[in-house]
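Coordinate-derived values only; no laboratory data. The structure presented is a predicted model; accordingly, all values stated were derived computationally and were not measured. Cβ atoms come from the backbone with ideal geometry, glycine included; neighbour counts cover every protein chain shown.
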There are 2 protein chains.
Amino acid sequence: MLIQRLTVIGVGLIGGSLARALKQANQCAEIVGCGRNVENLEQAVELKVIDRYETNLAIAVQGADVVVIAVPLGTIAKTFSVIQPVLQPQAIVTDVGSAKACVVADARQYLGDHLSHFVPGHPIAGSEKTGVIASKVDLFVKRRVILTPLAETNQNAYATICKMWQATGAEVVEMAIAHHDKVLAATSHLPHLLAYSLVDTLAQMETKSEVFRFAAGGFRDFTRIAASDPQMWHDICLANKDALLEVLQLFNQDLQQLTQAIAENDSPMVMDMFKRAKAARDKFVG
Amino acid sequence: MLIQRLTVIGVGLIGGSLARALKQANQCAEIVGCGRNVENLEQAVELKVIDRYETNLAIAVQGADVVVIAVPLGTIAKTFSVIQPVLQPQAIVTDVGSAKACVVADARQYLGDHLSHFVPGHPIAGSEKTGVIASKVDLFVKRRVILTPLAETNQNAYATICKMWQATGAEVVEMAIAHHDKVLAATSHLPHLLAYSLVDTLAQMETKSEVFRFAAGGFRDFTRIAASDPQMWHDICLANKDALLEVLQLFNQDLQQLTQAIAENDSPMVMDMFKRAKAARDKFVG
């Protein structure tokens, strides 16, 4: 068995799905859940996602050999500072945060000697749904999990977290921290920001009720991510600010070019852009 | 039977689905397809979507009591000018274009005396897929079809087109032309423009292959509409330019505000905006 006692801090969509998958793969002797929402934790026990729960963070991690932090990015620093003094010497800590430079900076500040046993991670899986009720045993099957180890990262700790994710059916990929943050800003954080922004613009229009009444399937798909947890995405946008603002600037330049082309009836330019975009989507996304 | 001979100009997703639905509802004695792509028309006959086809437009509409124009917006004016001299006196003409002011302007210019028998229409249904192969008998079931009649529109012609769409399972809604164009610019044309623009931005990044490789389900949904037909959306963006540029300006203002809030770490402002957007999407789109 890979893990004797796993403590999952934040038993939501990601934490809950990880617990389910590791139980099914018989990789954990015991799974302890921790969080602030007791109702959610009780539900997690009822659903057999975790074996038991503990609301006190310092107690929850005692005796754990692996601790998974699956809380919004904005609360990771505090989590590190509370658990650091009580972790077992060889306990491995990992996280699932959607931005990595900020988490690593927090780890350097708050994990002390435990930094070598911290493995920064990010499973590329999710949904606009939240809470343990949304968790699924197969959420990570055939999905990618990015690990961004530090120079200091202990090899055994890294290998254990690799095996942990592989046991859920995921493919583990190693990536440099800054590269991760840039790629994810483009592919995930910017789309969320645009979807929130568009829905908010439309909600402020005087024809609001009409606008939404006549929305078709394309709009539904396009804005699905705007139904995601505001706290989680608030944290991500602020935590990955630099990379996000950089890709946002590129996007704004392209959007201004396209706007101008439409305003000037520049038919070939509009056509070329739409053709390029369709070709890229057909090729890469499928 | 509602229609003796229906001519569908453009037997693609929309034209093909309408033909299928009217056949199933037994509302047409004969359906003639017309288009430039002979392969697609032959497929439409094989699939029994249409009874026969005719590639010559002027011949295709002869003897038709209803003519449905389901071609890209940019070719509607030419279509009007070719069919006007050969239409039966009482033949009803309707279209399915995604913008209406431009189509009505074309109709006023090219339909002559036939203007009173033109009923501008727009079924709010679609997909990123194209061609008769993508057509479905139930595409319009429980979907809305917007009709934007003119002061000159003949009541019987309007009633026939109403019944035609109702026979497909759709709900018919009447709307003023300018209002239609404004609502659809917000809810359909702008999202398509943003999706094309985002995919194009990402496709130009040096980390292109990585960016798309690590795209998750949210990105897939968000950019699905960027796989739509470039010609169709090129035509829509230029045809509905004024309304589109207006809502684009509102969107840009909101996006700039949000960008500034992120740059300045204005946490409450980011949080409020995401919360407002999620609430609007949860309430209106569901």
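What does DSSP give for the protein assembly as shown in terms of the percent of beta bridges that are antiparallel, rounded to the nearest 5?
Roughly 10 percent of the beta bridges in the protein assembly as shown run antiparallel, per DSSP.
I'd like the GluC sites (Glu not before Pro) in the stretch A:20-110 restricted to DSSP loop residues with at most 12 other Cβ atoms within 10 Å, sorted by number.
Answer by residue number: there is no such site.
I need to check one value: relative contact order of chain A, counting alpha carbon pairs closer than 8 Å and at least 6 residues apart, in percent.
Computed value for chain A: 17 percent relative contact order.
May I ask you to evaluate 6.51 cos²θ - 1.76 cosθ + 1.60, the Karplus curve with θ = phi - 60°, for each residue of the stretch B:130-137 and list the ³J(HN,Hα) values in order in whole Hz, giving x for glycine and proline?
Running phi through 6.51 cos²θ - 1.76 cosθ + 1.60 with θ = phi - 60° gives 9, x, 4, 4, 8, 6, 9, 5 Hz.
Distance cut-off 29 Å, Cα to Cα: go down the list A:129/B:163; B:142/B:283; A:78/A:163; A:78/A:208 and report the pairs above it.
As for pairs spanning more than 29 Å Cα to Cα, those are A:129/B:163; A:78/A:208.
Residue by residue through the stretch A:50-67, what is 3J(HN,Hα) from phi via Karplus (6.51 cos²θ - 1.76 cosθ + 1.60, θ = phi - 60°)? Round to whole Hz and write x for glycine and proline.
So the J values, rounded to whole Hz, are 10, 7, 7, 9, 8, 8, 7, 4, 5, 6, 4, 8, 4, x, 7, 8, 9, 10.
Quick check: the angle from helix B:13-24's long axis to the longest principal axis of chain B, C-alpha only, nearest 10 degrees?
Taking the Cα atoms of chain B, the angle to B:13-24 is about 50 degrees.
Using Cα atoms only, what is the angle between the long axis of helix A:267-284 and the major principal axis of chain A, expressed in degrees (0 to 90) to the nearest 10?
That helix lies at roughly 30 degrees to the long axis.
Tell me the distances, shortest first, between residue B:48 and the same position across the other copies, using label points 7 Å along Cα→Cβ, in nm to one decimal.
5.0
Which whole number gives the average, over all residues in A:184-190, of C-beta atoms from other chains lying within 10 Å of the residue C-beta?
6
Calculate for the protein assembly as shown the 222 nm mean residue ellipticity that helices alone would give, adding -39,500 (n - 2.57) per DSSP H run of length 4 or more and normalising by residue count, nearest 500 deg cm²/dmol.
-15000 deg cm²/dmol
What list do you get for B:1, A:232 if you sort them by fewest beta carbons within 10 Å?
B:1, A:232
Exposure proxy check: A:28, A:162 ranked by fewest other beta carbons within 10 Å?
In order of increasing Cβ crowding within 10 Å: A:162, A:28.
Kindly put A:205, B:273 in sequence by how many other C-beta atoms sit within 10 Å of each C-beta, fewest to most.
A:205, B:273
Which is the longest part of chain B that has none of the trypsin sites (Lys or Arg not before Pro) sitting in a DSSP loop with at most 15 other Cβ atoms within 10 Å?
B:143-286
From the label point of residue B:85, set 7 Å along Cα to the beta carbon, how far off in nm is each other copy's matching point, shortest first?
Here the equivalent label points are 9.3 nm apart from this one.
Return the long-range amide H neighbours of residue B:172 (sequence gap of 5 or more, or a different chain), with a cut-off of under 5 Å between placed amide H atoms.
B:145
Taking the axis that carries chain A onto chain B, what is the nearest Cβ in chain A, and at how many Å, to the whole number?
Looking at chain A's Cβ atoms against the axis toward B, the nearest is A:221, 2.
Under the convention of a label 7 Å out along Cα→Cβ, give the distances in nm from residue B:133 to the same position in every other copy, shortest first.
4.2
State the answer as a single residue: which of B:267, B:239, B:196 lies farthest towards the positive end of the charge dipole of the stretch B:179-284, with beta carbon charges of +1 for Lys and Arg and -1 for Asp and Glu, about the Cα centre.
Positive-most Cα among the choices belongs to B:267.
Given a Förster distance of 35 angstrom, what is the FRET efficiency for residue A:249 paired with residue B:55, based on the Cβ-Cβ distance and rounded to 0.05?
That gives a FRET efficiency of 0.10.
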